[in-house]
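As structure tokens, the structure follows; a few thoughts come after it.
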Amino acid sequence: MDWHLLSIEEAFAKFGSSKSGISLEEARKRLEQYGRNQLREKRARSPFVMFVAQFGDFMILVLIAAAVIAGIIGDAGDMAPIIAIVLLNAIIGFMQEYRAERAIAALKKMAGFTAEVIRGGEPQTMAVEEIVPGDVVLLRAGDVVPADLRITEAAQLKLDEASLTGESFPAEKKSSTLDEASLPLGERVNMAYRGTIVSAGRGVGLAVATAMETELGKIASMIQAEGDTRTPLQRKLAAFGRRLALLVLFICGVIFAMGYLRGESPLLMFMTAISLAVAVIPEALPAVVTISLALGAKKMVRQKALIRRLSAVETLGAVTHICTDKTGTLTRNRMTVTRLFADGRTIPAATSARDAGVAGNSSLFHLMAAAALCNDARTNGDNGLSGDPTETALYVMAAENGFDPVKLAAQFPRLAELPFDADRKCMTTIHEGSEGVVSYTKGGLEAILARSSSMLSGSTIVSLDFGAVHPANEAMAASGQRVLAVAMRRWASLPEDISSEAIEKDMTFLALVGMEDPPREEAFDAVAQCKTAGIIPVMITGDHPATAAAIARRLSILDGEGEVMTGPQLEALPLHELEKRVEDIRVYARVAPEQKLKIVQALKDRGKYVAMTGDGVNDAPALKRADIGVAMGITGTDVAKEAAAMILLDDNFATIVRAVREGRRIYANILKFIIYSISSNCGTLVLIAFAPFLGLPLPLFPIQILWLNLLCDSFPGLALAVEPVEKDAMDRPPIDPASGVFAEGRGWFMARYGIFIGGLALGLQVYAMKAGHSWQTMVFTFLILSRMAMALSARSRQLSLLQLGIFSNSQLIGAILLVVILHACVVWIPATNPVFATEPLDLREMGMVLALSVAVLLVSELEKAVLRRKRLP
Ligand code: ATP
């Protein structure tokens, strides 16, 4: 449809809408008629497909095929249990994966975007999916356009349409009607298309198409491409798994050949080799990682950290630098104007202008008028204020001084505006004045002074006196106040060129406004925790260096060693020079969002892992480049959220630190699972591989190997994933992801315990055979119980079970009990004996098995005690 040809009135008429939008009732009807405003996505995997995929592993297919063939040619009764166990394994795997998938889907839904829409005359925030044709949508910098819109109002509105047109230069948008039907999308300047980005300005648009009817919907396949979503750890594990699989297959080949040569039944030997391969090849490890990360991410939402990319959970534990905004993240973002500097003196703000009975042309009068008019804060229904806290503070100050912003806005209507942006660090509104036109500009001191040529003293315009303004600014900033400067300019009539260059110059400086924004209570603790955890908090702010340094000192981000650098200094420094200094700088002030990218780059070049916060459009590149981009959930724009790996639902610095702690816990627990699982499997492999060389009969039957695998990997394995965070998790340096799974002695640990358990099992087999015991059931039971010992041992590399608290992971205790009970059934319930080739053990036999299993635990405890000794003087 050629919506761009319609005038605004025609467009409104066509959709039965108006400036105040459609009614709530109408919106509900249209939602039914047009459907939800969402693009059809590649269908998620159905539960059935997910279940079938559990059998996708090649070795499992071979095992099933072999069992079926064996069943046909041999004894069906022998093979049925094998199939049953493989099925059970698949069901458990499916249930875990399904839970993880549901957790991920829920996270995705939570990370969905909202839009500001006017319905029934009231602005409301709603999920993008609820927008219907006829809705009036408000656009502000950083929004992703939620539907195709005919623009009805535009103030310096610029759209980045690269996703649709490939044009990377932002397009300026207008509300005027066009008259050429066949214009390409990029030239339809009165239209905003879904998926494009508001890069600057403000606007309003009428939704003319939603969902698949939008231009983006028509090319929806574009956004369906999804690359490799595996995390670095998963990729490493998959590669390791492939290498190990080759080794295991080779060993299985040898076992098969040896057994065959010794005259064992070839079918039995084949089944044994395949069962062993299925049990020992760690093909499930990447899936276990996903499940741990997904369940971890689900837990993190409750702690106000919403994960958008699973890999972030893994990387969190490695973070060495948290680069954070100041306002709202470290501070409360509840501002109050406390002091003013006007006419050469600093005065309290409260009711100073009212009490002084300011004259109509004085600097205080214009300051109050500017605070009321150059302001987008609004009262909402219940007498509260909504808008940017800097502006609500100014709103309150104006109102308390008798300058009612609502009345003033009616008296001096806004004719045009230059919205605030973090690069210019100022904003301007232009109003019809009592005589001619007046513009008010407010912003950072440097921005305002650079654009002013005179100042108002009382009611007289005098030349600008930097000498008085700077010390006043320094004094306010040094006490941690945010200082805003205000200026004005008069015009005979509304100028034609409404650009920053034409409007924001030759201004008359009016006053400074100092506002208090105290640090958040939790930030003190969070910064202290960072320090013990080897993480360096770095403040990056658009605010004045003195303000930033004062707050950073209060929070101990800045102490003896740290430096402050300003945006202009940062700009002037070449990257390689910055790299040399970057580790000493704790505060960056007056930074433009684009400069954050350079900081991230320099830190990454030094091999650091960087978490970087951001909220605006221009923060997006730095968020993407950082190891973990962190977007603000409350004040963040869509673009920042989309670029981020994690969203802070409470915009709070302390939440990042909590997420790091959680990341460390999850990573450590994944390692615990890997250590437990691989060292135990190694034990089984050693036993079965070496038995023939010692002239021993096959120690375990296929069904026993599979039972071992089913019981031990699932329940205790999952319980290790919920192991509580180790007490000293935040007293250690960050994880080094480059060091890998088998570094720091972990590989050697797994091999050592594999050989130890395998050796004990071989010894047990030799002794029990000689002594005429039920040797096979004893070995089988020992392998199960020694795994339980390994599960307990894997809980910590250093701390003893008593130090950890035996019952502090109740899930693990429950899992171990479950395994013991189930296995006891297999040993002592007569009906199961033929199925599992077991015999009931007597007290002596059981005592021996138990003693050996406890020995495994004791040896590991002893080793930990030695390790603790070594570490502590
Ligand atoms: P942070 O990056 O830590 O959140 P910030 O909020 O101070 O800090 P910006 O929002 O980029 O960073 O603001 C930079 C400067 O721009 C402020 O110090 C202030 O001087 C000015 N400023 C902020 N908000 C406004 C506004 N609404 N109107 C005019 N000027 C503003």
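Just so you know, all these numbers are worked out from the coordinates, no wet-lab data involved. As the structure is a computational prediction, the values presented were derived from the model and not from experiment. Every residue, glycine among them, receives a Cβ derived from its backbone with ideal geometry; neighbour counts consider all protein chains shown.
Odds and ends about this structure:
- Under Karplus coefficients 6.51, -1.76 and 1.60, residue-wise ³J(HN,Hα) of the range 50-62 in Hz, glycine/proline x: 5, 5, 4, 4, 4, 9, x, 5, 4, 5, 5, 4, 4
- Of the residues V610, L578, T547, the one whose Cα sits farthest towards the positive end of the charge dipole of the range 540-617 is V610 (charges of +1 on Lys and Arg Cβ, -1 on Asp and Glu Cβ, taken about the Cα centre).
- Share antiparallel - DSSP beta bridges, the chain, percent rounded to 5: 75
- Computed helical MRE - 222 nm, the chain, DSSP H runs ≥ 4 contributing -39500 (n - 2.57), nearest 500: -15500 deg cm²/dmol
- Using the Karplus relation 6.51 cos²θ - 1.76 cosθ + 1.60 with θ = phi - 60°, the per-residue 3J(HN,Hα) values for the range 310-326 come to 4, 4, 4, 4, 5, 6, 3, x, 9, 4, 10, 9, 10, 8, 10, 5, 9 Hz, with x marking Gly and Pro.
- The range 47-100 shape via C-alpha gyration tensor axes, a/c threshold 1.5: prolate
- Annotation: the residues C426, C323, C825, sorted from fewest to most other C-beta atoms within 10 Å of their own C-beta, follow the order C825, C323, C426.
- Ranked list, fewest to most other Cβ atoms within 10 Å of each Cβ, for E496, E9: E496, E9
- At an R0 of 41 angstrom, the distance between the Cβ atoms of R414 and A105 translates into a FRET efficiency of 0.40.
- Spatial separation of Cα centroids for the range 452-518 and the range 689-741, in angstrom: 67
- Between the Cα long axis of helix 76-110 and the first principal axis of the chain there is an angle of about 10°, rounded to the nearest 10.
- Taking 0.36 nm per residue of separation and subtracting the Cα-Cα distance, full extension of the segment from L61 to H470 would add 139.5 nm.
- Cα-based shape type of the range 338-516, given that a ≥ b ≥ c are square roots of the gyration tensor eigenvalues and the cut on a/c is 1.5: rounded
- Shape of the chain, Cα gyration tensor, a/c cut at 1.5: prolate
- Among S20, A239, M258 the positive-end extreme of the charge dipole of the chain (Cβ point charges): M258
- Take the Cα of L267, go 7 Å toward its beta carbon, and the backbone nitrogen atoms of the range 48-90 under 17 Å from that spot belong to 63-84.
- For R202, net neighbour charge (Lys/Arg +1, Asp/Glu -1) across residues whose Cβ lies under 14 Å away: -3
- For K299, the aspartates and glutamates whose Cα comes closer than 12 Å to its Cα, not counting residues fewer than 8 places off in the same chain, are E662.
- Angle between the chain longest axis and helix 702-721 axis [Cα atoms, degrees, rounded to 10]: 30
- Only Lys, Arg (+1) and Asp, Glu (-1) charged, at Cβ; the chain dipole about Cα centre in debye: 2840
- Counting neighbouring beta carbons within 10 Å and listing from fewest to most, the residues F51, F403, F113 come out as F113, F51, F403.
- Here's how it looks for L157: its modeled amide H is under 5 Å from those of K173, R202, which are all 5 or more places away or on a different chain.
- Residues whose amide H comes within less than 5 Å of that of Q124, counting only those at least five positions distant or on another chain, are V117, I118, R119 (H built at 1.01 Å from N in the peptide plane).
- Close amide H contacts of A511 (hydrogens built in the peptide plane, cut-off under 5 Å, sequence separation of 5 or more or a different chain): V486.
- The string of couplings for the range 231-246 from the Karplus curve (6.51, -1.76, 1.60, θ = phi - 60°) is 7, x, 5, 5, 5, 4, 5, 5, 5, 4, x, 5, 5, 5, 4, 4 Hz, one whole number per residue in order, with x for Gly and Pro.
- Selection from L418, I498, S454 lying farthest towards where the dipole of the range 338-516 points positive, charges on Cβ: S454
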